[in-house]
Amino acid sequence: GTTGVELWMTDGTAAGTSRVENIRPASGSSSPTYLTPLGNGKVVFSANDGSTGIELWVTDGTAAGTSRVADIFAASGNGNPQATTSLGNGKAIFRATDGSAGVELWVTDGTAAGTSRIADINPGSAGSSPTGLTSLGNGKMVFRADDGSTGAELWVTDGTAAGTFR
């Protein structure tokens, strides 16, 4: 009631439930969404800190271990990471925009250096609008995307440009 919607953690008991971090200070809400485990004791999620917009964050469940991973849309917009899905091997795939390539597929390992757009599937500003991200459990993921010429089709990725194809 005093800090808005923020990131919390719990062990399932009242005594073991606490706010992790007040990402958006004062009474604003950071509204964390798309919480996805990386498998290494860390979770990535989308949140709005009130200054850089809706961007990608990581936490280990402590205030000190909670930080913004990257300002994907570095101008005044929102990277708006969505549909985050665990790929395995400490990585997650999500859809986001950097403001120039439209909504495309991205990968992260929870670090700035390990976060990048996988491929510009639909070159230009339109984006491929990937949806239905589904892990196959073997380090690969299928999804639906539109490359701008063949329409919306089934694609696969292993989190690399070379391993992403229709």
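The values are calculated or read from the model by the stated rules, or taken from the named source; none is laboratory data. Remember, it's a predicted structure, so these values are computed and weren't measured experimentally. Cβ placement follows ideal geometry from the backbone for every residue including glycine, while neighbour counts extend to all protein chains displayed. Just the protein is used for accessible areas: all its heavy atoms, side chains included, with ligands, DNA and RNA removed. Shrake-Rupley method; radii C 1.70, N 1.55, O 1.52, S 1.80 Å.
Pop the C-beta distance of ALA161 and ALA75 into the FRET formula with R0 = 22 Å and round what comes out to the nearest 0.05.
My answer for the efficiency is 0.35.
Work out, step by step, the length gained on full extension between THR111 and LEU35: first 0.36 nm times the residue separation, then minus their alpha carbon distance; give nm to one decimal.
Result for the pair: 25.8 nm of gain on full extension.
Could you give the length gained on full extension between THR17 and ASN89, defined as 0.36 nm per residue of separation minus the Cα-Cα distance, in nm?
The span from THR17 to ASN89 would gain 23.1 nm if fully extended.
For the chain, give the magnitude of the charge dipole about the Cα centre (Cβ charges: +1 Lys/Arg, -1 Asp/Glu; no others), in debye to the nearest 20.
180 debye
Using the Cα atoms of the chain, I'd like the radius of gyration and the largest Cα-Cα distance, Dmax, both in angstrom.
For the chain, the Cα-based Rg and Dmax read 16.3, 55 Å.
Quick one: pull the percent of accessible area on the chain belonging to carbon and sulfur, 1.4 Å probe, ligands and nucleic acids left out.
Here carbon and sulfur together make up 52 percent of the probe-accessible area.
When all protein chains stay in place, what accessible area (Å², nearest 10, 1.4 Å probe) is found for TRP8?
140 Å²
When only Cα pairs under 8 Å and 6 or more residues apart are kept, what is the percent relative contact order across the chain?
Relative CO of the chain lands at 13 percent.
What translational diffusion coefficient, to the nearest whole µm²/s, does the range 1-83 have by Stokes-Einstein, given a Kirkwood radius computed over alpha-carbon pairs, a temperature of 10 °C and 1.306 mPa s viscosity?
Here the translational diffusion coefficient equals 122 µm²/s.
Quick one: accessible area per residue over the chain, 1.4 Å probe, rounded to a whole number of Å²?
For the chain, the per-residue accessible area is 47 Å².
Determine the order of MET141, MET9 by accessible area, beginning with the largest, at a probe radius of 1.4 Å.
Correct descending sequence by accessible area is MET9, MET141.
If I take every Cα pair under 8 Å that is 6 or more residues apart in the range 76-116, average their sequence separation and divide by the length, what percent do I get for the relative contact order?
For the range 76-116, the relative contact order is 29 percent.
Please work out how much length the chain gains when fully extended from THR62 to SER135, using 0.36 nm per residue of separation minus the C-alpha to C-alpha distance, in nm with one decimal.
Gain on extension, THR62 to SER135, equals 23.5 nm.
What is the diffusion coefficient of the range 104-166 in µm²/s, taking the Kirkwood radius over Cα pairs and the Stokes-Einstein relation at 25 °C with a viscosity of 0.890 mPa s?
Estimated diffusion coefficient is 206 µm²/s.
Sticking with the crude label model, points 7 Å out along Cα→Cβ, report the distance from SER125 to GLU153 in nm, one decimal please.
Spacing of the two 7 Å Cα→Cβ label points: 2.7 nm.
Rank by packing, highest mean first: peptides 24-31, 47-54, with packing defined as the count of other Cβ atoms within 10 Å averaged across residues.
47-54, 24-31
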